[in-house]
Amino acid sequence: MSSAQLVRHSRKLRGLYNALDSERSGIVRYFSAASGSLPTKGNVLLVSAGVEKRIGGARCPQCQQPGKELERSKVSLGGLNGSYILKTSPRNCMLNIIIGPNSSLSCGQVASARSFSTSTGLPPHQEIGMPSLSPTMTEGNIARWLKKEGDKVSPGEVLCEVETDKATVEMECMEEGYLAKIIHGDGAKEIKVGEIIAVTVEEEGDIEKFKDYKPSTSASAAPVAPSEPTEPTEPKVEEKEIPKAPEPKAPKTKEASRPGDRIFSSPLARKLAEDNNVPLSSVKGTGPDGRILKADVEDYLAKGGRKEALVAPGLSYTDVPNTQIRKVTANRLLSSKQTIPHYYLTVDTRVDNLIKLRGELNPVQESSGGKKISINDLVIKAAALALRKVPQCNSSWMNDFIRQYHNVNINIAVQTEHGLFVPVIRDADKKGLGAIAEEVKQLAQRSRDNSLKPEDYEGGTFTISNLGGPFGIKQFCAIINPPQSAILAIGSAEQRVIPGSTNGQYEFGSFMSATMSCDHRVIDGAIGAEFLKAFKGYIENPTSMLL
């Protein structure tokens, strides 16, 4: 859509068609960096090569500075010829840029560009994409919309709840307007990051125009075509015409028939086939040169390929769909076992003194209105102090170097009906037992409510998994949580008969098993043993943790 068409169909810019007849020109609109609010009517500045025209008001709406006093700054606009001068306010007003006729700069090349209609008849609007709410997030699900189509939205208001690979997170609105169209409704799954999920408009009267709106998928291709010269495209056409069509197909058919030959497929197709236990050799590719695409695997599954691969005759079963959290947990743990050289160290620690100290501290906690201190809280504190004493275990493998962290942030594994969560206790070595107990209970409750925020689980340097207290597991080996280099698995405490202080006498003692899984690239055996020695010392002499 050309700039002239944009001006002709825009309510705010109607009547400016003649102003754009000059050679390359652009329209600049002022936005407030502080509030993000829209400009008032009439504050439009037309800029071209050596010529500028002001239409409407003469002042920036937010900083109230006259147009003639605005500072000038030259900018380079994606390889466009000519001198372009944009005016910025002394008070950091942001500019929203629309390039005029004969230009090759797309909206995607300007960070602050507003998303305008690409089809005739649609007013200015903003497309809202699926946000990336965690470092590992590639796709998300819409749990539910808190706003419905037609509602007015303001900055800071919650639009919807997004289920990420870690938790369910509230997505806030960034700009004032009206929610015109919801592209993906409640329960929509596997939406790629950046994919359009909704559309907002500035004027309430424009909502009805987006009733049948469908987002464009070819916007990113616009800037590529003008930048390519016409000469290189001709050899490309000739290259396609020189080889005959039957020649590449014939060897591909033969290759597919031989089990030892390589099968070409897209990454998405390979992942989908792997998740559904579908052999790629049984899928017919429809891509270039027989390449297997995601759609080919989906067609194979739709035709009963999944049942043939997984279900034996006469078996009754129920397919339980995987949540986003389950998928990411599975992929990360598989990657951990495949890429990290695990080894395991186990130590038995006597916990009689630990249990005694807990019994002395809890009455004090209850009298002051605090939360009860659990054995797990004492374990977290002991592990944090041991990491401070042996910092080599508080590290990550970074290929070219080992990163040793100065903060001791302990992740704790929490199993819920929604999946496995690992909220983090930050600077656990510096916090008291009461503060740790309070924070653990709050994070555990948020995990069960599926309401953790990214700051609740990101930035951990060491993980503790306790299956002893809740489930009575005596001893187990946990899988390292990348990019960390170790995880401590805590078993249950059990009474054992041990030799007494004098010959011929015996006594009972409570012992707890602790197994440390280590990344051998980062933690040598002696270093891991040194950590467990320090950990055991704090557990068996818990009063030293209070010093």
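Could you put Lys214, Lys381 in order of accessible surface area, largest first, with the 1.4 Å probe and the full protein assembly present? Provide the component values of the computation, followed by the final result.
Working: Lys214 170, Lys381 15 Å².
So the residues, ranked largest to smallest area, are Lys214, Lys381.
What nm value, rounded to one decimal, do you get for the distance between His520 and Lys533 when each label is placed 7 Å out toward the C-beta?
Between His520 and Lys533, the simple spin-label model gives 2.2 nm.
Of the accessible area of the stretch 125-209, with the probe set at 1.4 angstrom, what percent is carbon plus sulfur?
On the way: 1690 of 3760 Å².
In the stretch 125-209, the share of accessible area belonging to carbon and sulfur is 45 percent.
Please give the length that would be gained between Lys327 and Ser501 if that part of the chain were fully extended, namely 0.36 nm times their separation in residues minus their C-alpha to C-alpha distance (nm, one decimal). Intermediate values should be presented prior to the final figure.
Values: separation 174, 0.36 × 174 = 62.64 nm, distance 5.37 nm.
That pair, Lys327 and Ser501, stretches by 57.3 nm at full extension.
Simple spin-label model, 7 Å along Cα-to-Cβ: Arg426 to Ser335 in nm?
Label at Arg426, label at Ser335, 2.4 nm between them.
Using square roots of five times the C-alpha gyration tensor eigenvalues, list the equivalent-ellipsoid semi-axes of the stretch 326-546 in whole Å, biggest first.
Numbers: eigenvalues 153, 99, 55 Å².
Ellipsoid semi-axes (Å, largest first): 28, 22, 17.
Provide Rg and Dmax in Å for the stretch 125-209, with only Cα atoms included in the calculation.
Calculated on Cα positions, Rg and Dmax stand at 12.3, 39 Å.
Full extension from Leu268 to Ala295: what is 0.36 nm times the residue separation minus their Cα-Cα distance, to one decimal in nm? The partial results should precede the final answer.
Values: separation 27, 0.36 × 27 = 9.72 nm, distance 0.94 nm.
Working it through step by step, the gained length comes to 8.8 nm.
Charges at C-beta only: +1 for Lys and Arg, -1 for Asp and Glu. How large is the resulting dipole of the stretch 392-536 about its Cα centre, in Debye rounded to 20?
Numbers: 13 positive and 15 negative charges, 38 e Å.
That gives a dipole near 180 debye.
With r defined as the distance between the Cβ atoms of Glu540 and Leu146 and R0 fixed at 60 Å, what FRET efficiency is calculated, to the nearest 0.05? Spell out each step's value before the answer.
Numbers: r = 51 Å, r/R0 = 0.86.
The pair Glu540/Leu146 has a calculated efficiency of 0.70.
The values are calculated or read from the model by the stated rules, or taken from the named source; none is laboratory data. These numbers were taken from a predicted model, which means no experiment stands behind them. All Cβ positions, glycine included, derive from the backbone under ideal geometry; neighbour counts span all protein chains shown. The protein model used for the area step is the full one, side chains on, heavy atoms only, and it has no ligands, DNA or RNA in it. Shrake-Rupley method; radii C 1.70, N 1.55, O 1.52, S 1.80 Å.
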